[in-house]
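Asks: My structure is below; once you've seen it, I'll send some questions.
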Amino acid sequence: MSENHQISTMDRVSVGLAARYRKERRFRLFGISAIVASLLFLALLLASITAKGYTAFRQTEVLLDVYLDPAVLDVHNLATANYAALVRDAALALFSQVESRQDKRIIGKLISTGAAYRLQDLVTSKPELIGSTRPIWVPADDEVDMFVKGHIPRDVPEAERRVSDKQASWIDQLVAADRLKLKFNTAFFQAGDSREPELAGIRGAAAGSMFTLAITLLLSFPVGVAAAVYLEEFAPKNRWTDLIEVNINNLAAIPSIVFGLLGLAVFLNFMNLPRSASLVGGLVLTLMTLPTIIIASRASLKSVPPSIREAALGVGASKMQTISHHILPLAMPGMMTGAIIGMARALGETAPLLMIGMVAFIVDVPNSFSDPATVLPVQIFLWADSPERAFVERTSAAIMILLLLLLAMNAAAVFLRNKFERRW
Amino acid sequence: MAPAMDTILDMRDVIMGKDEAEAAVATKARKVDRDQRTTVGVPFVEEPRMICREVNVFYGDKHAINNVSIDVGKNEVLAMIGPSGCGKSTFLRCLNRMNDTVASCRVTGEILLDALNIYDKKVDVVPLRAQVGMVFQKPNPFPKSIFDNVAYGPKIHGLVNNKTELNDVVEDSLKKAGLWNEVSDRLDQPGTGLSGGQQQRLCIARAIAVRPEVILMDEPCSALDPIATATVEDLITELKEHYTIVIVTHNMQQAARVSQRTAYFHLGDLVEVGPTDRIFTNPRHQLTEDYITGRFG
Ligand SMILES: Nc1ncnc2c1ncn2[C@@H]1O[C@H](COP(=O)(O)OP(=O)(O)O)[C@@H](O)[C@H]1O
Ligand SMILES: [Mg+2]
């Protein structure tokens, strides 16, 4: 009887067992397919961005022999000289066979207006060169650039492309003469925004992002940690602190544009802080990041084992000593991770900054917290909105830079966590 | 009282039948017994270090310690035994006001440490806890080096003037805790890397490094294996020379081995106190006897 009973138990168990394992396998399969799907999408995103954007890191340049004409360049008045004329003359000199005024104008347009600035920089830094003829690489116009990079195909009817057959032949001439090359696009990393794609760079937006994030970090981390420590360690547990807690959790879920409107009302209209400044951007992002940092910091304070607290109190440490000597060091990795994740979110934030005017077209690279500035995601937004074909690749390139920064910040978070994490 | 009770009994006999009436009286008797229960044995000593009088502890509405009066003598080991949840830890934690950290906890009565009422409003818990040290159930070294673990107390209390003195205190404490020989060559390694028994001795060293007068131990060996337990018990016997020790334990052999006096707690009451050998050989209260003979635990 008892033996029979045992056998039937085993049988039943093994019947159920198969079902259990099937369930487990099914679950694993779901998990794996979910991960594979998300990895595929990620790979697709990265691949398409990279494919579109990597060409932006190189820029077509043309080698001109510029005669630095003393008649045009007045040593005492270098700022206002007509550099563009010198560039055009040098460009025309390459095509001696061209006669008509119209063709000449088109040839002038093969060269970017940025060439004049490059020439000006050269002459201003080395006035002794005036009077000589210098070979200079200058940026080509964005349409030439697009044509060279193959974004404007040759095999469509002339009427449907922005580079005519004549222009194409001139470009081919330049290539044959070794006077047209793709070079590393320094402007992209050194310039601010520009209407001309070949002159536009992310330096201004990157600097703006840096200033904005610096303000955000400097304000939100100390304030957030202090608030978390107070709420977690000192505040009495009553209805008021419950209310505060609920509100902080709610704040973390508020759409960021609302913070932008708040910033507009308080910082710009009431406090009269400068419009478009990274200072105000930082303040707005601080408001937005604070709840995240407070919540992360409280969670990491809570995760410090109570035995450590008791150990410190047991040897007679005061509350403040217990916190600063034991609790904070143990909670710090979690707090820093929270802060970095908050910063990464702030780095990618666009909407609230639109509200406070950081969407303005700003050419100059900001030098201080109060200079008008824009930030990387807003720059991406602006470029994505521009009609020129050349801005497409620059948009993708800027996204690549932004993603790299985000990746670096997340890597820093992981690194800090592993470095400071202690076992108990 | 007795005649009145009889009358009630008679009336109940009439009303609800004999069995039920008897059960009701039994319940009532138990309740009376609890309300009027006084400690059996002598809870007071000649040379007390700590004096507790009519101590009551509440967690919110829950009455966790009921009117406990007891002395802790100089250089003695007082063991507190009793079933789980009877309030041993609660009472122990009153002795250095660790209960202050529990928001809902309220303590009434008097607890004196050398004539100072430690629950007086003017008393600062920081120096109090330097005088009444504590060792916890689960070894809880700081996630710092062995040296820093022991040096922490002396440093924050300003007990040492320079590095040499600090080194001496650390060495001395580790020696007293019987750990020196095992760790002298790796003081800079994390205390959390030691074995359980070593960690607990490290915690004892940390507690004695601030030279307390009283050391409270809450089941210090319950997380340790028998060999580590034996080491810690030997240590307690040695520490008795310099310190007053109050130890909570679940292990009656341990109480018998290390303590001079034993206090038996039951549901928040101090049921019986007496010299350890007397308690274990000749308990006077029924509850004590039931507990030490293993009838419940
Ligand atoms: N922090 C607390 N809040 C509420 N009740 C508690 C708390 N700590 C202990 N108690 C209660 O007080 C009683 C005594 O607990 P404790 O002193 O831990 O018992 P023991 O150490 O003897 O096992 C138990 O009934 C327990 O539930
Ligand atoms: Mg306990």
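The values are calculated or read from the model by the stated rules, or taken from the named source; none is laboratory data. What you see is a predicted model, and the numbers here were worked out from it, not measured in a lab. Note that each Cβ is placed from the backbone with ideal geometry, even for glycine, and that neighbours are counted across all protein chains shown.
Asks: Quick one: which of B:246, B:258 is touching a residue at least 40 places away in the same chain (Cβ under 8 Å) and within 16 Å of ligand 2 (Cβ to nearest atom)?
Replies: Result: B:246 is the single residue among B:246, B:258 that is touching a residue at least 40 places away in the same chain (Cβ under 8 Å) and within 16 Å of ligand 2 (Cβ to nearest atom).
Asks: State whether the residues of region A:292-301 include one that is at pLDDT 90 or above, of a type in the set (Val, Ile, Thr) and out of contact with any helix residue (DSSP H, G or I) (no Cβ under 9 Å at 6 or more places or on another chain).
Replies: No: region A:292-301 contains no residue that is at pLDDT 90 or above, of a type in the set (Val, Ile, Thr) and out of contact with any helix residue (DSSP H, G or I) (no Cβ under 9 Å at 6 or more places or on another chain).
Asks: Here is a further query. Could you please let me know if residue B:218 is closer than 30 Å to residue B:67 by Cβ and within 14 Å of another protein chain (Cβ to nearest Cβ)?
Replies: So residue B:218 fits the description; yes.
Asks: For region A:370-392, give me each residue that is buried (at least 18 other Cβ atoms within 10 Å of the Cβ) and part of a loop (DSSP other than H, G, I, E, B).
Replies: A:371, A:373, A:374, A:375
Asks: Exactly one of (1) surrounded by fewer than 18 Cβ atoms within 10 Å (Cβ to Cβ); (2) at the interface with chain B (Cβ under 8 Å from one of its Cβ atoms); (3) under 26 Å from residue A:413 (Cα atoms) is unmet by residue A:326. Its number?
Replies: Result: residue A:326 fails condition (1) only.
Asks: Still on this model: Output the residues belonging to region A:307-323 that are more than 8 Å from chain B (Cβ to nearest Cβ) and under 41 Å from the mean Cα position of the chain (by Cα). Please lay out each step first, then the result.
Replies: If we filter region A:307-323 for residues that are more than 8 Å from chain B (Cβ to nearest Cβ), which is where we start, we get A:319-320, A:322-323.
Those that are more than 8 Å from chain B (Cβ to nearest Cβ) and under 41 Å from the mean Cα position of the chain (by Cα): A:320, A:322, A:323.
Asks: Within the group A:87, A:66, A:75, which residue is surrounded by 14 or more Cβ atoms within 10 Å (Cβ to Cβ), among the β-branched types (Val, Ile, Thr) and more than 13 Å from residue A:139 (Cβ to Cβ)?
Replies: Values: A:87 fails: more than 13 Å from residue A:139 (Cβ to Cβ); A:75 fails: surrounded by 14 or more Cβ atoms within 10 Å (Cβ to Cβ).
So the residue among A:87, A:66, A:75 that is surrounded by 14 or more Cβ atoms within 10 Å (Cβ to Cβ), among the β-branched types (Val, Ile, Thr) and more than 13 Å from residue A:139 (Cβ to Cβ) is A:66.
Asks: Tell me, yes or no, whether region B:147-155 has at least one residue that is away from ligand 1 (no atom under 16 Å from the Cβ) and part of a loop (DSSP other than H, G, I, E, B).
Replies: No, because not a single residue in region B:147-155 is away from ligand 1 (no atom under 16 Å from the Cβ) and part of a loop (DSSP other than H, G, I, E, B).
Asks: Hey, does region B:81-95 have a residue that's within 14 Å of chain A (Cβ to nearest Cβ), within 14 Å of ligand 1 (Cβ to nearest atom), within 18 Å of residue B:244 (Cβ to Cβ) and charged (D, E, K, R)?
Replies: Looking through region B:81-95, at least one residue is within 14 Å of chain A (Cβ to nearest Cβ), within 14 Å of ligand 1 (Cβ to nearest atom), within 18 Å of residue B:244 (Cβ to Cβ) and charged (D, E, K, R).
Asks: Then there is this: Are any residues in region B:96-139 within 16 Å of ligand 1 (Cβ to nearest atom), surrounded by fewer than 15 Cβ atoms within 10 Å (Cβ to Cβ) and part of a loop (DSSP other than H, G, I, E, B), and if so, which ones?
Replies: Within region B:96-139, B:102, B:103, B:104 meet the criteria.
Asks: So which helices (runs of 4 or more DSSP H) are wholly in region B:184-297 and hold at least 1 residues that are farther than 26 Å from residue B:154 by Cβ?
Replies: B:226-239, B:252-258, B:276-281, B:286-292
Asks: Out of the helices (runs of 4 or more DSSP H) lying entirely within region A:249-364, which hold 2 or more residues that are of a type in the set (S, T, N, Q) and closer than 30 Å to residue A:201 by Cβ?
Replies: A:278-302
Asks: Now, a different point. What are the residue pairs meeting all of these: first residue in region B:122-137, first residue at the interface with chain A (Cβ under 8 Å from one of its Cβ atoms), second residue assigned to a helix (DSSP H, G or I) and among the hydroxyl-bearing types (Ser, Thr, Tyr), Cβ atoms under 9 Å, and 6 or more apart or on different chains?
Replies: Matching pairs, first to second residue: B:136/A:307.
Asks: Another question, then. Could you please tell me which pairs satisfy a Cβ distance under 6 Å, a separation of 6+ or placement on different chains, a first residue in region B:84-100 that is more than 13 Å from residue B:111 (Cα to Cα), and a second residue that is more than 8 Å from ligand 1 (Cβ to nearest atom) and in a loop (DSSP other than H, G, I, E, B)?
Replies: Close Cβ pairs satisfying both conditions: B:86/B:267.
To keep it simple, each residue is scored yes or no on (1) within 13 Å of ligand 2 (Cβ to nearest atom); (2) within 16 Å of residue B:134 (Cα to Cα); (3) among the hydrophobic types (A, V, I, L, M, F, W, C).
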| residue | (1), (2), (3) |
| --- | --- |
| B:40 | no, no, yes |
| B:43 | no, no, no |
| B:50 | no, yes, yes |
| B:53 | no, no, no |
| B:67 | no, no, no |
| B:72 | no, yes, yes |
| B:78 | no, yes, yes |
| B:82 | yes, no, no |
| B:85 | yes, no, no |
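Asks: Please go through (1) at pLDDT 90 or above; (2) part of a loop (DSSP other than H, G, I, E, B) for residue A:48 and return the number of the only condition it doesn't satisfy.
Replies: (2)
Asks: Another question, then. Go through (1) more than 20 Å from residue A:316 (Cβ to Cβ); (2) in contact with a strand residue (DSSP E or B) (Cβ under 9 Å, 6 or more places away or on another chain); (3) of a type in the set (Gly, Ala, Ser) for residue B:196 and report which single condition fails.
Replies: Checking residue B:196 against (1) more than 20 Å from residue A:316 (Cβ to Cβ); (2) in contact with a strand residue (DSSP E or B) (Cβ under 9 Å, 6 or more places away or on another chain); (3) of a type in the set (Gly, Ala, Ser), the one that fails is (2).
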